[in-house]
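Any read-out appearing in this document is the output of simple, stated calculations on the displayed coordinates, not a laboratory observation. Note that the coordinates shown come from a computational prediction; the quantities given were computed from them, not determined experimentally. A quick note on method: Cβ atoms are made from the backbone with ideal geometry, for glycine too, and the neighbour counts reach across all protein chains shown.
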Amino acid sequence: MDTFIAPTDRADLLRAAVSQAVEFLREGEAVALPTETVYGLAADALNPAAVARIFEAKERPSFDPLIVHLPHRKRLADVALVPPDIAETVATLIDTFWPGPLTLVLPKAPALPDAVTGGLPTVAVRMSSHPVFKAVVTSFGGPLAAPSANRFGRISPTSAAAVMKELEGRIPLILDAGACPEGIESTIIRIIPTPQGKPIFRILRAGPLTKEDLQPYGKIEWANGQPDKKGQIPPPEVPGQLPHHYAPTTPLRLVENPQDFHPEPGKRYALLSYRGDAEDGFLDLTEWDHVLVLSPGSGKLPEAALRFFHCLRSLDELGVDEIIAEPVPLRGLGMALMERLRRASRY
């Protein structure tokens, strides 16, 4: 299969690209589309054969659920049921954060194929704010299943070129809208009602919407996702919960304390630095083959999030023996970045 990249940077090119994407979607194909978070691999969420194309292209295990993207909030009932005890909270969150990088986990509607949810009774659902994605899903007129447009477990793509490296020959079309503005996948929450009135928001995957963004509307609880007493990892409730994910092919090690790093002679190392400051204790640990900095000098977490997957992918292409990652502060977006670094680490 030939894979084509369709530009969208002029009105006429955008119209042509959207039309072509919708045509493929209606034929049951999967196409790559930009969102505000990362590029997604989209297919008709109500067509089991089309959903199967996503799993095939990504080499994704069938038990790993997909996120469903809506053309409009009125289409929520097509894919999900809203229990009465959280209906007011759901409406508030939708009014406040949709369209945007918030994914809600709700009971699935009977019409939604089990393949989308990995056989689970729940579905993860959101609305993207990206104008190109919105144009496609609105023109298509129905919900789209759209996980990240990369091979399973690999680094999420934030550009059309990155999608091409991952999925060339596996899908027919990539819509190119430049770099994704957020740079990391959406925040995923489950709403748990309480007798006291204020609900609990269990954060199943950290993302661009932080704990601080959500706290005015509910109490925050972090999902565990760790091995049980028998060492068994629970099956994923949502994308990104597997113990190893977002991973480069080059071994990556998260080193939280500089004194814990002891370079081996003859081994080539690259450093993923948070702010590139020698005071953090990493720059002088060895003669690095290459150093990339997430937020040079300033240490701003939004900039670090924007550059995160791009930097990981760039380091992965250098051919070094190992990538060493510095920690980032555990506040705001830093929670999402550290979650991804821990899942990307092989140690």
Worksheet item: From the Cα gyration tensor of the range 94-165, with a ≥ b ≥ c the square roots of its eigenvalues, which class applies: rounded if a/c is under 1.5, or else prolate if a/b is larger than b/c, or else oblate?
Response: oblate
Worksheet item: Using the Cβ atoms and a cut-off under 11 Å, what net charge is assigned to the surroundings of GLU166, where Lys and Arg are +1 and Asp and Glu are -1?
Response: +4
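Please state the shape class of the chain: rounded when a/c is under 1.5, otherwise prolate if a/b exceeds b/c and oblate if not, all from the C-alpha gyration tensor.
It comes out oblate by the Cα gyration axes.
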Worksheet item: Stretch ILE220-ARG73 to full length: gain in nm at 0.36 nm per residue minus the Cα-Cα span?
Response: 50.5 nm
Practice prompt. Rank GLY153, LEU120, VAL51 by how far each Cα sits towards the positive end of the charge dipole of the chain (+1 on Lys, Arg Cβ; -1 on Asp, Glu Cβ) and give me just the farthest.
Written response: LEU120
Item to complete: Taking every Cα atom in the range 4-176, find the radius of gyration and the maximum pairwise distance Dmax, and write them in Å.
Response: 15.1, 47
Response to the item:
Here, SER298 and HIS262, labelled 7 Å along Cα→Cβ, have an inter-label distance in nm of 4.0
Practice prompt. Enter the Cα centre distance for the pair the range 137-174 and the range 284-338, rounded to the nearest angstrom.
Written response: 24
Discussion item. Quick check: from the Cα gyration tensor, does the range 252-344 come out rounded (a/c under 1.5), prolate or oblate?
Written reply: prolate
Discussion item. Restricting to DSSP H runs of at least four residues, report the calculated mean residue ellipticity at 222 nm for the chain, -39500 (n - 2.57) per run over all residues, nearest 500 deg cm²/dmol.
Written reply: -8000 deg cm²/dmol
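Rank-order 34-44, 180-190 by packing density, defined as the average count of other C-beta atoms within 10 Å over each peptide's residues, highest first.
Highest mean packing first, the order is 34-44, 180-190.
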Item to complete: Could you point to the residue in LEU106, ALA135, THR187 farthest towards the positive end of the range 106-213's charge dipole, with +1 and -1 charges on the Cβ of Lys/Arg and Asp/Glu respectively?
Response: LEU106
Practice prompt. Report the charge-dipole magnitude of the chain in Debye, nearest 20, computed about the Cα centre from +1 at each Lys and Arg Cβ and -1 at each Asp and Glu Cβ.
Written response: 900
Practice prompt. May I ask you to order 266-272, 61-67 by the average number of other C-beta atoms within 10 Å around their residues, highest value first?
Written response: 61-67, 266-272
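Could you tell me what percent of the DSSP beta bridges with both partners in the range 4-176 are antiparallel, to the nearest 5?
Beta bridges within the range 4-176, antiparallel portion: roughly 60 percent.
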Worksheet item: Counting only the backbone N, which residues of the range 314-332 are under 12 Å from the spot 7 Å out from the Cα of LYS165 toward its beta-carbon?
Response: 314-319
Worksheet item: Which net charge results for the neighbourhood of HIS72, defined as the other residues with beta-carbon distances under 12 angstrom from its beta-carbon, given Lys and Arg at +1 and Asp and Glu at -1?
Response: +3
Worksheet item: Among PHE97, ILE86, PRO329, which residue has its Cα positioned farthest towards the positive end of the charge dipole of the chain, with +1 placed on the Cβ of Lys and Arg, -1 on the Cβ of Asp and Glu, and the dipole taken about the Cα centre?
Response: ILE86
Item to complete: Could you tally the net charge around PRO265, taking each other residue with its Cβ under 12 Å from the Cβ of PRO265, Lys/Arg +1 and Asp/Glu -1?
Response: -1
Worksheet item: Relative to the Cα centre, what is the charge dipole magnitude of the range 29-137, using +1 at the beta carbon of each Lys and Arg, -1 at the beta carbon of each Asp and Glu, and rounding to the nearest 20 debye?
Response: 160
Fill in: Cα-centred dipole magnitude for the range 252-344, charges only on beta-carbon of K, R (+1) and D, E (-1), debye, nearest 20
480
